[in-house]
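A.B. asks: Below you will find the structure I want to go over with you.
The values are calculated or read from the model by the stated rules, or taken from the named source; none is laboratory data. Quantities reported herein were computed from a predicted structural model and do not represent experimental measurements. We place every Cβ from the backbone using ideal geometry, glycine too, and count neighbours over all the protein chains shown.
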């Protein structure tokens, strides 16, 4: 049974998608249901792309104190031991994936019915009633009984007797006697189910006859893959030597010698089994242990094999180096789509056996738009570039791809709108470059080749002529503009004294003695909090230090002036009385 379940699960890998869908709802019992039978089957919605589920049951969300994690490939589960009565039970389902992280869903709950009577008697299932030639080392098992929370088992050499054993096994359906049963004897088994109300009554003895002691089987030998074999197919048929006195075989397969993460104690009743979709280029460790009624073979050796190389990287034992079949690619994460230059033609310079280009829409759906090393892109958005090499392995041609997702963005050459400059109280200036356009820009001064910076403000510049450059980072162009530095803050007094002595009573721009005549459209004056006080013209007397006819206090004041080219000058001065 275990091997059939496992093979079914692995076969579902072929239908797996890349993304898990949302968590399922309970179908039965429904969330919040009450008076649920204690032998209920729990079922939930099927989720597309999910190969298997884990389910746990507990008395609080996420707990497993009722049922530890159980693995199922279907969307339903029936607890083998039933459910506790009159209990609120929380169901937690985990979506299981082979190649991506599992998803644990929020818990649902329901409440079971309250029992009103003790359970009925049960039937022994192994050995069967009246069976003969039973190994004295046998275990004993029986059917679940509705409403039972435990079982008392009596073993004797006469009907109803307990001269061999009487044991309360709790809520279990098996008994492993601590010692072998008497050989070549009739064994009488009485099983009495019970619950919180009482015990079953009138349960009759069932019996079987033991044989002489038998021996455990020998270990088997792996036939395929042989120990140490390489390039094993990804979906091989495992085969081992049949052992005449073995009832079956317990198989463990893991990715490390101490792990059983592929097959864990799976039982097979013949000497071969297919396994689907091993990972390529990986070593697997396998242990096969024959068993019969006497027990399991002892000290069976572990063997290993390696699957075919796939795309690597894999170790070349001749050179001692790792080999990668995938092509090396060098492709950016962002490309610029310069406006008015449609379409954007992109050519891959990577060396590969083949190429594909995909356009990705807002729902992550992909459409192939080219299968050569060149693609024509008509619009902005998300794209995926794929270069692949072809390799022949085990008679099959496989692709080994290298992938880069990239974004195409819109951009255009910049335009320098203006140059804003101001003084800092010294002979040096600060200039801010204001650029417009649909692009991602960077800035430089006095050198077209840079260095460029994201910062568009240049402090501590000498009052001489400078040329400023704005470059689109996506290669759509460079703009430049020169500032002929004849206008400086030296034309504005650093202080004035409106005290009525006819000396420095007004604050006004003074034309610099050298250079071109500067024409100012307006001069605005503010206090240190940015409150507007006065606007003066260049040909006026200037500011007298009053606001609405009242003297303003001593202190620092700020000005902002605009020339005929709408260039801005900023600075500050001191008012003294």
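A.B. asks: Quick one: in the range 204-242, of everything that is within 41 Å of the chain's Cα centre (by Cα) and modelled with pLDDT under 85, which residue is surrounded by the fewest Cβ atoms within 10 Å (Cβ to Cβ)?
C.D. replies: The selected residue is 228.
A.B. asks: Right, here's the next one. Residue by residue through the range 545-556, note down the ones that are out of contact with any strand residue (DSSP E or B) (no Cβ under 6 Å at 6 or more places or on another chain) and surrounded by 17 or more Cβ atoms within 10 Å (Cβ to Cβ).
C.D. replies: 552
A.B. asks: From the list 120, 137, exactly one residue is touching a strand residue (DSSP E or B) at 6+ places or on another chain (Cβ under 8 Å), surrounded by fewer than 18 Cβ atoms within 10 Å (Cβ to Cβ) and not in a strand (DSSP E or B). Which is it?
C.D. replies: 120
A.B. asks: Now for a separate question. For the range 333-379, name all the residues that are loosely packed, with under 11 Cβ neighbours inside 10 Å and assigned to a loop (DSSP other than H, G, I, E, B).
C.D. replies: Once the filter is applied, which keeps residues that are loosely packed, with under 11 Cβ neighbours inside 10 Å and assigned to a loop (DSSP other than H, G, I, E, B), the range 333-379 yields 333, 340, 349, 361, 362, 363, 364, 365.
A.B. asks: Determine which member of the set 348, 370, 411 is out of contact with any helix residue (DSSP H, G or I) (no Cβ under 6 Å at 6 or more places or on another chain) and modelled with pLDDT under 95.
C.D. replies: Of 348, 370, 411, the one residue that is out of contact with any helix residue (DSSP H, G or I) (no Cβ under 6 Å at 6 or more places or on another chain) and modelled with pLDDT under 95 is 411.
A.B. asks: Would you please name the residue that is surrounded by the most Cβ atoms within 10 Å (Cβ to Cβ), looking only at residues in the range 380-389 that are without any contact (Cβ under 8 Å) to a residue 60 or more places away in the chain and in a strand (DSSP E or B)? Show your work before the answer.
C.D. replies: To start, the set of residues in the range 380-389 that are without any contact (Cβ under 8 Å) to a residue 60 or more places away in the chain comprises 380-386.
This time we only want the ones that are in a strand (DSSP E or B), so: 381-386.
Working: 381: 14, 382: 15, 383: 20, 384: 15, 385: 23, 386: 21.
Per the stated criteria, the residue is 385.
A.B. asks: Now, a different point. Can you tell me which residue is modelled with the lowest pLDDT among those in the range 470-479 that are assigned to a strand (DSSP E or B) and crowded, with 22+ Cβ neighbours inside 10 Å?
C.D. replies: So, considering only residues that are assigned to a strand (DSSP E or B) and crowded, with 22+ Cβ neighbours inside 10 Å, the one modelled with the lowest pLDDT is 472.
A.B. asks: Let me ask another. Among the candidates 523, 518, 510, single out the residue that is touching a residue at least 40 places away in the same chain (Cβ under 8 Å) and either more than 16 Å from residue 575 (Cβ to Cβ) or part of a strand (DSSP E or B) (or both).
C.D. replies: Only one candidate qualifies: 518.
A.B. asks: Is the range 242-250 home to any residue that is touching a residue at least 40 places away in the same chain (Cβ under 8 Å), within 30 Å of residue 311 (Cβ to Cβ), part of a strand (DSSP E or B) and in contact with a strand residue (DSSP E or B) (Cβ under 8 Å, 6 or more places away or on another chain)?
C.D. replies: Looking for residues that are touching a residue at least 40 places away in the same chain (Cβ under 8 Å), within 30 Å of residue 311 (Cβ to Cβ), part of a strand (DSSP E or B) and in contact with a strand residue (DSSP E or B) (Cβ under 8 Å, 6 or more places away or on another chain), one finds none in the range 242-250, hence no.
A.B. asks: A further question on this structure: Show the residue pairs that are 6+ apart or on different chains and have beta-carbon atoms under 6 Å apart, the first residue being within the range 561-572 and in the same structural domain as residue 543 (by TED's automatic domain parsing), the second being part of a loop (DSSP other than H, G, I, E, B) and modelled with pLDDT under 85.
C.D. replies: Within 6 Å, the pairs are 571/492.
A.B. asks: If you don't mind, there's one more thing I want to ask. Any idea which of 43, 85 is outside the structural domain of residue 146 (by TED's automatic domain parsing), at pLDDT 90 or above and not in a loop (DSSP other than H, G, I, E, B)?
C.D. replies: Values: 85 fails: not in a loop (DSSP other than H, G, I, E, B).
Selected residue: 43, the only one of 43, 85 that is outside the structural domain of residue 146 (by TED's automatic domain parsing), at pLDDT 90 or above and not in a loop (DSSP other than H, G, I, E, B).
A.B. asks: Please specify each residue of the range 220-237 satisfying the condition of being assigned to a strand (DSSP E or B), over 14 Å from residue 302 (Cα atoms) and either in contact with a helix residue (DSSP H, G or I) (Cβ under 6 Å, 6 or more places away or on another chain) or in contact (Cβ under 8 Å) with a residue 40 or more places away in the chain (or both).
C.D. replies: Of everything in the range 220-237, those that are assigned to a strand (DSSP E or B), over 14 Å from residue 302 (Cα atoms) and either in contact with a helix residue (DSSP H, G or I) (Cβ under 6 Å, 6 or more places away or on another chain) or in contact (Cβ under 8 Å) with a residue 40 or more places away in the chain (or both) turn out to be 230, 231, 232.
A.B. asks: Also: If only one of 152, 91 is touching a residue at least 40 places away in the same chain (Cβ under 8 Å), assigned to a strand (DSSP E or B), surrounded by 18 or more Cβ atoms within 10 Å (Cβ to Cβ) and in the same structural domain as residue 204 (by TED's automatic domain parsing), which one is it?
C.D. replies: Sole residue among the options that is touching a residue at least 40 places away in the same chain (Cβ under 8 Å), assigned to a strand (DSSP E or B), surrounded by 18 or more Cβ atoms within 10 Å (Cβ to Cβ) and in the same structural domain as residue 204 (by TED's automatic domain parsing): 152.
A.B. asks: Additional query: Cβ-Cβ distance below 9 Å, separation of 6 or more or different chains: which pairs start in the range 253-276 with a residue that is surrounded by fewer than 18 Cβ atoms within 10 Å (Cβ to Cβ) and end on one that is at pLDDT 85 or above and assigned to a loop (DSSP other than H, G, I, E, B)?
C.D. replies: Taking only residues 6 or more apart or on different chains, the pairs are 255/261; 255/262; 257/302; 269/247; 270/242; 274/236.
A.B. asks: Here are 17, 74, 32: which of them is touching a strand residue (DSSP E or B) at 6+ places or on another chain (Cβ under 9 Å), part of a loop (DSSP other than H, G, I, E, B) and modelled with pLDDT under 90?
C.D. replies: Answer to the check: 74.
A.B. asks: Whether any residue in the range 277-299 is surrounded by 13 or more Cβ atoms within 10 Å (Cβ to Cβ), free of Cβ contacts under 8 Å to residues at least 24 places away in the same chain, part of a strand (DSSP E or B) and not assigned by TED's automatic domain parsing to the domain that holds residue 139 is what I want to check.
C.D. replies: No, every residue in the range 277-299 fails to be surrounded by 13 or more Cβ atoms within 10 Å (Cβ to Cβ), free of Cβ contacts under 8 Å to residues at least 24 places away in the same chain, part of a strand (DSSP E or B) and not assigned by TED's automatic domain parsing to the domain that holds residue 139.
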